[in-house]
Amino acid sequence: MKSAVALSLALAFGAGCGSNDDRTSSRSDDPWAEIAMPRITDENASPNVVEVKLAARPAQKQYPGASALSDVWTYEGTVPGPLIEARRGDDVIVHFSNQLPEATTIHWHGVRVPAGMDGNPMSPGPVPAGGDFDYSFTLKDAGLFWFHPHVRSDVQVERGLYGALLVRGDDEPEADHEHVLVLDDVYVLTDGTFPEFLDDESKMMGREGNTLLVNGVSQPSLPLRAGSLERLRLVNTANGRFFNLALSGQKLRVIGTDGGLLPQPYDADHVLVAPGERYDVMFVVDAAQGTELTLWNDPYDRGHDSGSEPAMAVATFQITDDAPLKGRKLPDAFPEIERLPSAPPDTTLDLSEAFQNGELVFTINGKTFPEVPPIQVSDGAVRVFEVKNSSDMDHPFHLHGFFYQLLATDGVATAPDRLANKDTLIVRAHSAVDLVARFDALGHWMYHCHILEHAEGGMMGEIYVE
Ligand code: C2O
Ligand code: CU
């Protein structure tokens, strides 16, 4: 552990750059200040406690191409909200105040919190307008997590309520730079307003915006030094958009996902990130001084004739004139994670879409939330669910409170070297996955599609661990 941190700092100093490991470094050291997210003040002097105040409140934000400020909903006045940073094992205390005109919650997406701290609408229930709630939990896992409301999430998240929670562990790889990229999109009309009504396309596919955002900034232009070792920690907070990312033809090494680092990293040309998912990627900048790399969102067909949109630039990177760094190496392996046992599924969740009383709805086993019967699980049980997608489009399946592992897709076992702890996973149109989880925390937990229009349109259910 110590050596990794020491190496990382040495590398950062050697390269003459700031390091994100230094939580007190000022933002002006950050070569990517353009997309720096505000850092939140830790009000607790104990090194193992992160205690913060977080208010949800209306604010205004200038989006590109809009003639006026947009009315947004924010955590602490910014979109995204402030970055919360901690270490595995830390206690987190969040004094939340709801200064919105309606009820909300904070759901800690991917964080294994006690059920009463999960910020879901069923338990403990919403925080009313003007109300307060103290969230507190201990961070069991290292990784990139995020937080967002779970009441009218399709509307509240779209208006700007989301933020990232970065939890560092003891096995972090060395890198010259590490950055969190919160990916979103927003539909901004030229007068700065957001469209009021959902058209049929947005109801069906989830809202997709006309403006891509990286940490709230549209198409940032960021410096990169040739030869440097970069780590990007990606989260997709969009309602409906999938990001199919490619970096000007360079290979990306995928070193982690929702539940943290992967025992066996792998290389990819594209990293497909569905709403709610996280990916942790590294690369050595393989480009000449003075050139440019682009992070593209390439077309991806997620059903219903999507995927014909042209590639869109998410961000561009300007390769600086600094002498190329030499000898940087990508990590090859990280510590093992426990492999959950394989078994045939005992429960099927069939995801579909339907018209009920002239309304488009999204169903699980033919029912919409809250009519979907809860699944009963005994405390500590390891269960295998088949999640079957009978619809014409992909659904990113999210489970609260637990990680799961993908055992098989359409009957084909997952390659042993692709073991990963996930909490959100794409179930492709007309396909089925077997997921295994250990339900080792009591309480009522939710699962749903993370296309927020689908979740709010019925594709959501509960698991009772008793
Ligand atoms: Cu990120 Cu229940 O959601
Ligand atoms: Cu869906």
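Every read-out reported here was derived from the displayed coordinates using simple, explicitly stated rules and does not represent laboratory data. Fair warning: this is a prediction, and the values are worked out from it, not measured in the lab. Note: ideal-geometry Cβ built from the backbone for every residue, glycine included; neighbour counts use all protein chains shown.
Distance from the Cα centroid of region 296-322 to that of region 89-134 is 34 Å (rounded to whole angstrom). Using the alpha-carbon atoms, what tilt in degrees (0 to 90, nearest 10) does helix 2-14 show relative to the longest principal axis of the chain? Here the helix axis deviates by roughly 50 degrees.
Placing +1 on each Lys and Arg Cβ and -1 on each Asp and Glu Cβ, with no other charges, gives region 29-159 a dipole about its Cα centre of roughly 240 debye.
Taking a point 7 Å from the Cα of D91 along the Cα-to-Cβ direction, the residues of region 105-126 with backbone N closer than 18 Å to it are 112-118. Mean sequence separation of contacting Cα pairs (under 8 Å, at least six apart), scaled by the length of the chain, corresponds to a relative contact order of 14 percent. For L54, the amide hydrogen comes within under 5 Å of the amide hydrogens of H95, F96, S97, counting only partners 5 or more places away or on other chains and with H modelled in the peptide plane.
For L349, the amide hydrogen comes within under 5 Å of the amide hydrogens of E386, V387, K388, counting only partners 5 or more places away or on other chains and with H modelled in the peptide plane.
Centre-to-centre, using Cα atoms only, region 362-426 and region 217-260 are separated by 26 Å.
Which shape class applies to region 220-303: rounded if a/c is under 1.5, otherwise prolate when a/b exceeds b/c and oblate if not, where a ≥ b ≥ c are the square roots of the Cα gyration tensor eigenvalues? It comes out oblate by the Cα gyration axes.
If you wrap the tightest convex hull around every Cα atom of region 105-258 and split its volume per residue, you get 157 Å³. For the chain, the Cβ-based charge dipole about the Cα centre amounts to some 760 debye (Lys, Arg positive; Asp, Glu negative; other atoms uncharged).
On full extension, the segment bounded by S378 and E466 gains 31.2 nm, given 0.36 nm per residue less the C-alpha separation. Placing unit charges on the Cβ atoms of the charged side chains and taking the dipole of region 103-252 about its Cα centre, the candidate lying farthest along the positive direction among V167, M117, N210 is V167. Computed from backbone phi, the HN-Hα couplings of region 285-297 come to 5, 10, 7, 7, 4, x, 9, 9, 10, 10, 8, 9, 9 Hz, rounded to whole numbers (Karplus: 6.51 cos²θ - 1.76 cosθ + 1.60, θ = phi - 60°; Gly and Pro given as x). Rounded to whole numbers, the Karplus 3J(HN,Hα) couplings from phi for region 252-266 are 10, 9, 7, 10, x, 8, 3, x, x, 5, 8, x, 10, x, 9 Hz, using 6.51 cos²θ - 1.76 cosθ + 1.60 with θ = phi - 60°, and x at Gly and Pro.
Indicate the gyration tensor shape class of region 206-246 (rounded, prolate or oblate), computed on the Cα atoms with a ≥ b ≥ c the square roots of the eigenvalues: a/c under 1.5 is rounded; otherwise a/b larger than b/c is prolate and the rest oblate. Note, shape of region 206-246 comes out prolate. In region 303-379, which trypsin sites (Lys or Arg not before Pro) are in a loop and have at most 12 other Cβ atoms within 10 Å, using DSSP for the loop call? Here the sparse-neighbourhood loop sites are K326, K329, R339.
Applying 0.36 nm per residue to the separation of D200 and E34 and subtracting their alpha-carbon distance, the gain on full extension is 56.2 nm. Could you tell me which of L419, H448, Q376 has its Cα farthest along the dipole of region 320-466 towards the positive end, charges placed at Cβ (Lys, Arg +1; Asp, Glu -1), taken about the Cα centre? Result: L419, furthest along the dipole toward the positive end. Subtracting the Cα-Cα distance of D305 and T190 from 0.36 nm times their residue separation leaves 38.7 nm of extension gain. The GluC sites (Glu not before Pro) found in region 343-389 that occupy coil by DSSP, while having at most 15 further C-beta atoms within 10 Å, are E371.
Loop-located GluC sites (Glu not before Pro) in region 170-229 (DSSP state other than H, G, I, E, B) with a sparse environment of at most 11 neighbouring Cβ atoms within 10 Å: E196.
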